[in-house]
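K.L.:
Structure incoming, see below.
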Amino acid sequence: MTHDLSGNPAHHISRRAFMGRSLAALTATLFAAIDIRALLAAGGSDSPALANWDRAFFAKHLNQKFTVRPGAAGDLALNLIAVQTLPAKIHQGPNQTPVASSDDCYALVFSGPANRPLRGRTYLFQHPSLGQFSLFIAPGKRASDGQHYEAVVNHVQA
């Protein structure tokens, strides 16, 4: 066994493994830089309009039912109970001007039945006037009105 300069055992990596890991890291970096609006407009969602819906748009749909299609378990109704403004954390230029408005960073809070909890993942949503779209939700707190779920939306363009 060989040792590095500090006396610890050296870990060898093949050239092929190194190149594979480097390619994976580069690919992840490139995907992280893709603008979500461009991705959705190119067909990354069932509803390209989702990329253009802002906080004010969803606020108009407070207390409305959304149907979630979790799969074999059957449809589930979730009620949109809150649309919360989140701060835009990315700033640009010498004056540190925010890149996004308060309508571009927000959280949607839904309430559903406590007896049918959903895992955190992307679900197909259906709404009578908005149509069909995909949205990632994560379970939140359990409350008197049922299980809460949250979706964080960030349309910041860096």
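K.L.:
Listing 65, 60 from the residue with the fewest other Cβ atoms within 10 Å to the one with the most, what is the order?
P.N.:
Going from least to most buried by this count: 60, 65.
K.L.:
Something else now. For the stretch 110-116, what does the Karplus curve 6.51 cos²θ - 1.76 cosθ + 1.60, with θ = phi - 60°, yield as ³J(HN,Hα) per residue in whole Hz, taken in order and with x for Gly and Pro?
P.N.:
Result, rounded to whole Hz: 10, 10, x, x, 6, 7, 10.
K.L.:
Here is a follow-up. Compute the distance in nm between two label points, each set 7 Å from the Cα along the Cα-to-Cβ direction, one at residue 76 and one at residue 132.
P.N.:
1.9 nm
K.L.:
If R₀ is 30 angstrom, what is the calculated FRET efficiency for the pair residue 144 and residue 52, using the beta carbon separation as r and rounding to 0.05?
P.N.:
The formula returns an efficiency of 0.30 here.
K.L.:
Based on other C-beta atoms within 10 Å, arrange 58, 110 from fewest to most.
P.N.:
58, 110
K.L.:
Something else: Name the residues whose placed amide hydrogens come within less than 5 Å of the amide hydrogen of residue 136, ignoring near sequence neighbours (fewer than 5 apart) on the same chain.
P.N.:
123
K.L.:
A follow-up question, please. If you rank 108, 118, 62 by fewest surrounding Cβ atoms within 10 Å, what's the result? Each step should come with its number before you reach the end.
P.N.:
Values: 108 23, 118 19, 62 13.
Starting with the residue having the fewest Cβ neighbours, the order is 62, 118, 108.
Bear in mind that the values in this text are calculations on the coordinates, not laboratory data. What you see is a predicted model; the values in this text were computed from it and never measured. Neighbour counts are summed over all protein chains in view; Cβ atoms, including those assigned to glycine, are modelled from backbone coordinates with ideal geometry.
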